[in-house]
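Colleague: Would you mind keeping the following structure in view while I ask a few things?
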Amino acid sequence: MINSHDILETINMIDNENLDVRTITMGISLLDCVDSDQKTACDKVYDKICRYASNLVRTGEDISKDYGIPIINKRISVTPISMIAAACPSKSPAHFAQALDRAAKEVGVNFIGGYSALVHKGFGPGDYALIESIPEVLSTTSFVCSSVNVGTTKAGINMDAVGKMGRVIRECAEKTADRDCIGAAKLVVFCNAPEDNPFMAGAFHGPGEPDCVINVGVSGPGVVRAALAKAEDCDITGIADLIKKTAFKITRMGQLVAQEASRRLFVPFGIVDLSLAPTPAVGDSVAYILEEMGLEACGAHGTTAALALLNDAVKKGGIMASSHVGGLSGAFIPVTEDAGMIEAARRGSLTLNKLEAMTAVCSVGLDMIAIPGDTPAEVISGIIADEAAIGMVNSKTTAVRLIPAIGKQVGEELNFGGLLGGGPVMEVNRYSPQRFIQRGGRIPAPLQSLKN
Amino acid sequence: MRAVITVLGKDMVGILARVSTICAENQVNVIEVTQSVLQDMFAMIMMVDISKSTIPFSDLADRLTELGTSMNLTIHTMHEDIFNSMHRI
């Protein structure tokens with residue numbers, strides 16, 4: 001018989017500590033849907049997604065019931081649409097977004113990611129038109145998420161794209177100003193974007209992926225925090241050990257769900273993303289873990305070190321629990337989606353500068369941060385450039401998902417509701433990087449030796 | 001296939017009887033039971049064999065959850081694999 005302590009521990013994690021599987025994401029390749037006639041291509045895209053993902057939501061719900069684990073989201077990622085849209089250059093790629101939106105609605109998923117372009121070394125056919133269309137797409141669709149990769153460690157940073165994305169982010173917010181600028185919350189600008197990320201808004205199905213694949217993202221900040229709360233007096237080594245053990249258990253659950261979903265859907269298992277993904281629910285916060293370690297408030301000096309420890313321990317614990325690990329893997333720090341981060345931002349202990357430092361040691365980057373509505377596009381581009389540089393030099397993924405709160409100033413709040421949460425508008429450095437951004441060109445790829 | 005039924009809540013007459021009745025009605029065989037009462041808190045863990053169950057697993061889980069709600073108890077019905085994978089290497 002299984003140890004009764006273990007059984008009760010699992011049930012307590014689910015009932016009281018917000019343990020869940022955050023997402024089952026089906027990656028679908030659309031490369032075989034390319035057609036020079038756009039209508040035909042859109043029909044192929046819609047049909048393929050509906051065919052492959054028809055049972056995704058029901059299977060997720062069945063697994064959730066059989067194992068008693070909440071599975072919060074079922075989602076789809078597709079091949080970057082710029083690659084598909086490139087074959088029909090005379091038409092707007094926005095039509096593909098409409099096809100994705102209809103397909104997502106038909107199969108019942110809550111997001112579909114992949115309205116994306118990879119432009120780290122330059123714009124290919126289809127890329128430019130796709131990026132131009134992002135504001136329109138995100139303001140007229142409900143389920144489509146978009147991402148643009150502007151840099152990699154091997155290619156450097158495409159500063160023309162960085163300049164462009166500052167303007168695109170502003171336009172996304174302006175076009176959805178009546179809905180708390182939600183358009184910008186569905187757009188991620190990446191450096192070193194992973195091809196198998198199951199998390200939105202940055203999920204897309206990379207060109208190196210198989211035809212169809214199941215990726216799973218786990219969660220569990222509440223569980224880690226509760227474990228730390230029980231171990232009051234241990235030193236930092238003890239903290240790291242405890243996080244590793246907890247991450248192992250969380251990830252085993254994700255691995256089980258991933259394998260089961262793969263078996264039931266007859267789709268190969270891709271990866272488990274070892275992530276601590278917070279939600280606005282009280283108790284499900286990464287900031288609270290940092291505070292549980294001994295910081296008075298998230299954002300205090302010591303936060304970066306605490307986060308580095310957390311991120312590393314989550315990976316070390318999780319990696320043995322899963323046969324294939326990938327995606328973003330690490331602790332997420334999306335401000336508006338994390339009750340503790342929201343509080344920290346409101347009380348002023350957490351600033352944009354500290355968040356930037358934190359992104360150097362954790363997965364993702366400046367995520368879900370509301371900035372003043374009058375922030376100029378070039379300042380946003382400057383923030384993107386800084387963040388991409390951190391990713392490029394440290395060979396890690398970084399991303400920017402900023403929401404210019406149109407018509408609002410520091411101290412006022414945005415409220416998206418649901419998983420996206422809400423939070424205060426944060427202060428941004430006002431000095432202009434305009435000349436630097438306007439120069440365009442590329443930041444050369446960094447040296448990979450002589451590291452200091 | 002085996003499942004684990006856990007019952008948590010305030011102790012009262014007939015908890016074990018009513019849970020096992022639902023099992024028996026649906027050809028679910030009880031393999032092992034451990035229970036403890038600490039002060040007036042009741043905790044029972046029941047390992048059951050559901051391979052001959054006459055109803056789908058999700059229906060069994062729903063019925064037990066309903067029973068739990070009516071008796072003010074928390075009842076979970078979960079496939080045993082979840083515990084094996086989380087707690088055994």
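Colleague: Which residue, of A:243, A:169, is at pLDDT 95 or above and in contact with a Leu (Cβ under 7 Å, 6 or more places away or on another chain)?
Modeller: Result of the check over A:243, A:169: A:169.
Colleague: Just checking, does segment A:312-326 include any residue being modelled with pLDDT under 95, of a type in the set (A, V, I, L, M), crowded, with 24+ Cβ neighbours inside 10 Å and under 15 Å from residue A:399 (Cβ atoms)?
Modeller: No, every residue in segment A:312-326 fails to be modelled with pLDDT under 95, of a type in the set (A, V, I, L, M), crowded, with 24+ Cβ neighbours inside 10 Å and under 15 Å from residue A:399 (Cβ atoms).
Colleague: Then there's this: Checking the conditions here, which among A:249, A:230, A:245 is under 26 Å from residue A:74 (Cβ atoms) and among the charged types (D, E, K, R)?
Modeller: A:249
Colleague: Does at least one position in segment A:291-301 carry a residue that is within 27 Å of residue A:193 (Cβ to Cβ), in contact (Cβ under 8 Å) with a residue 60 or more places away in the chain and part of a helix (DSSP H, G or I)?
Modeller: no
Colleague: Could I ask something else about it? With the condition kept exactly as written, say whether any residue in segment A:224-237 is assigned to a loop (DSSP other than H, G, I, E, B), in contact with an Asp or Glu (Cβ under 9 Å, 6 or more places away or on another chain) and outside the structural domain of residue A:110 (by TED's automatic domain parsing).
Modeller: So in segment A:224-237, the residues assigned to a loop (DSSP other than H, G, I, E, B) come out as A:231-235.
Among the residues that remain, those that are also in contact with an Asp or Glu (Cβ under 9 Å, 6 or more places away or on another chain) are: A:234.
Checking which are outside the structural domain of residue A:110 (by TED's automatic domain parsing) leaves us with A:234.
Yes, segment A:224-237 has at least one match.
Colleague: With the condition kept exactly as written, say whether any residue in segment B:46-53 is within 30 Å of residue A:320 (Cβ to Cβ) and in contact (Cβ under 8 Å) with a residue 12 or more places away in the chain.
Modeller: Quick first cut of segment B:46-53, residues within 30 Å of residue A:320 (Cβ to Cβ) only: B:47.
The next check asks that each one be in contact (Cβ under 8 Å) with a residue 12 or more places away in the chain; those that pass are B:47.
The answer is yes; a qualifying residue exists.
Colleague: Quick test for you: out of A:183, A:166, pick the one residue that is more than 16 Å from the chain's Cα centre (by Cα), assigned by TED's automatic domain parsing to the domain that holds residue A:63 and surrounded by 24 or more Cβ atoms within 10 Å (Cβ to Cβ). Steps first, answer last, please.
Modeller: Numbers: A:183 fails: more than 16 Å from the chain's Cα centre (by Cα).
Being more than 16 Å from the chain's Cα centre (by Cα), assigned by TED's automatic domain parsing to the domain that holds residue A:63 and surrounded by 24 or more Cβ atoms within 10 Å (Cβ to Cβ) holds for just one of A:183, A:166, which is A:166.
Colleague: Any idea which residue in segment B:38-52 is nearest to residue B:23 (Cα to Cα), counting only those that are outside any strand (DSSP E or B) and modelled with pLDDT under 90? Talk me through it step by step, then tell me what you get.
Modeller: Pass one, segment B:38-52, residues outside any strand (DSSP E or B): B:39-40, B:50-52.
Among the residues that remain, those that are also modelled with pLDDT under 90 are: B:39-40.
Details: B:39: 27, B:40: 25 Å.
So, considering only residues that are outside any strand (DSSP E or B) and modelled with pLDDT under 90, the one nearest to residue B:23 (Cα to Cα) is B:40.
Colleague: Is it fair to say residue A:54 is among the small types (Gly, Ala, Ser), surrounded by fewer than 17 Cβ atoms within 10 Å (Cβ to Cβ), more than 30 Å from residue A:445 (Cβ to Cβ) and in the same structural domain as residue A:164 (by TED's automatic domain parsing)? Quick ask: steps written out before the conclusion?
Modeller: Values: among the small types (Gly, Ala, Ser): yes; surrounded by fewer than 17 Cβ atoms within 10 Å (Cβ to Cβ): yes; more than 30 Å from residue A:445 (Cβ to Cβ): yes; in the same structural domain as residue A:164 (by TED's automatic domain parsing): yes.
Taking the combined requirement at face value, the residue satisfies it.
Colleague: Something else about it: Could we say that residue A:244 is under 23 Å from the mean Cα position of the chain (by Cα), of a type outside the set (Asp, Glu) and over 16 Å from residue A:71 (Cα atoms) here?
Modeller: Judged against the criteria, residue A:244 is a match.
Colleague: Looking at segment A:1-120, what helices (runs of 4 or more DSSP H) fall wholly within it and have at least 3 residues that are in contact with a strand residue (DSSP E or B) (Cβ under 7 Å, 6 or more places away or on another chain) and touching a residue at least 40 places away in the same chain (Cβ under 8 Å)?
Modeller: Qualifying helices (runs of 4 or more DSSP H): A:38-53, A:56-67, A:94-107.
Colleague: Just checking, does segment B:54-66 include any residue being in a loop (DSSP other than H, G, I, E, B), over 15 Å from the mean Cα position of the chain (by Cα), more than 7 Å from every other protein chain (Cβ to nearest Cβ) and more than 26 Å from residue A:58 (Cβ to Cβ)?
Modeller: no
Colleague: Name the pairs: first residue in segment A:244-266 and within 11 Å of chain B (Cβ to nearest Cβ), second residue among the basic types (Lys, Arg) and part of a helix (DSSP H, G or I), Cβ to Cβ under 6 Å, at least 6 apart or on different chains?
Modeller: No pair meets every condition.
Colleague: Let me ask something additional. Which residue out of A:69, A:28, A:14 is within 14 Å of another protein chain (Cβ to nearest Cβ) and in contact with a helix residue (DSSP H, G or I) (Cβ under 7 Å, 6 or more places away or on another chain)?
Modeller: A:69
Colleague: Considering only residues that are more than 12 Å from residue A:22 (Cβ to Cβ) and either surrounded by fewer than 22 Cβ atoms within 10 Å (Cβ to Cβ) or of a type in the set (Gly, Ala, Ser) (or both), which ones fall in segment A:67-77?
Modeller: Of everything in segment A:67-77, those that are more than 12 Å from residue A:22 (Cβ to Cβ) and either surrounded by fewer than 22 Cβ atoms within 10 Å (Cβ to Cβ) or of a type in the set (Gly, Ala, Ser) (or both) turn out to be A:68, A:77.
Colleague: Given the criterion farther than 24 Å from residue A:336 by Cα, buried (at least 24 other Cβ atoms within 10 Å of the Cβ), of a type in the set (Val, Ile, Thr) and modelled with pLDDT of 90 or more, identify the matching residue among A:214, A:250.
Modeller: Exactly one of A:214, A:250 is farther than 24 Å from residue A:336 by Cα, buried (at least 24 other Cβ atoms within 10 Å of the Cβ), of a type in the set (Val, Ile, Thr) and modelled with pLDDT of 90 or more, namely A:214.
Colleague: Look through segment B:67-89, keep the residues that are more than 10 Å from chain A (Cβ to nearest Cβ) and of a type in the set (Gly, Ala, Ser), and return whichever of them is surrounded by the most Cβ atoms within 10 Å (Cβ to Cβ). Please lay out each step first, then the result.
Modeller: So in segment B:67-89, the residues more than 10 Å from chain A (Cβ to nearest Cβ) come out as B:67-73, B:75.
Retained after the next criterion (residues that are of a type in the set (Gly, Ala, Ser)): B:68, B:70.
Working: B:68: 21, B:70: 9.
For segment B:67-89, the residue satisfying everything is B:68.
Colleague: On to the next question. If you go through segment A:419-429 one residue at a time, how many are over 19 Å from residue A:376 (Cα atoms), more than 16 Å from the chain's Cα centre (by Cα) and not in a strand (DSSP E or B)?
Modeller: Residues meeting the conditions: 0.
Colleague: In segment A:23-35, how many residues are among the polar types (S, T, N, Q) and at pLDDT 95 or above?
Modeller: The qualifying residues number 2.
Colleague: Is it the case, given these coordinates, that residue A:7 is closer than 30 Å to residue B:4 by Cα, in contact with a His (Cβ under 6 Å, 6 or more places away or on another chain), within 14 Å of another protein chain (Cβ to nearest Cβ) and crowded, with 17+ Cβ neighbours inside 10 Å? Before the answer, list the steps.
Modeller: Working: closer than 30 Å to residue B:4 by Cα: yes; in contact with a His (Cβ under 6 Å, 6 or more places away or on another chain): no; within 14 Å of another protein chain (Cβ to nearest Cβ): yes; crowded, with 17+ Cβ neighbours inside 10 Å: yes.
It is false that residue A:7 is closer than 30 Å to residue B:4 by Cα, in contact with a His (Cβ under 6 Å, 6 or more places away or on another chain), within 14 Å of another protein chain (Cβ to nearest Cβ) and crowded, with 17+ Cβ neighbours inside 10 Å.
The values are calculated or read from the model by the stated rules, or taken from the named source; none is laboratory data. Note that the structure is a prediction, hence the values are computed from the model and not measured. Note that we place each Cβ from the backbone using ideal geometry, even for glycine, and neighbour counts take in every protein chain shown.
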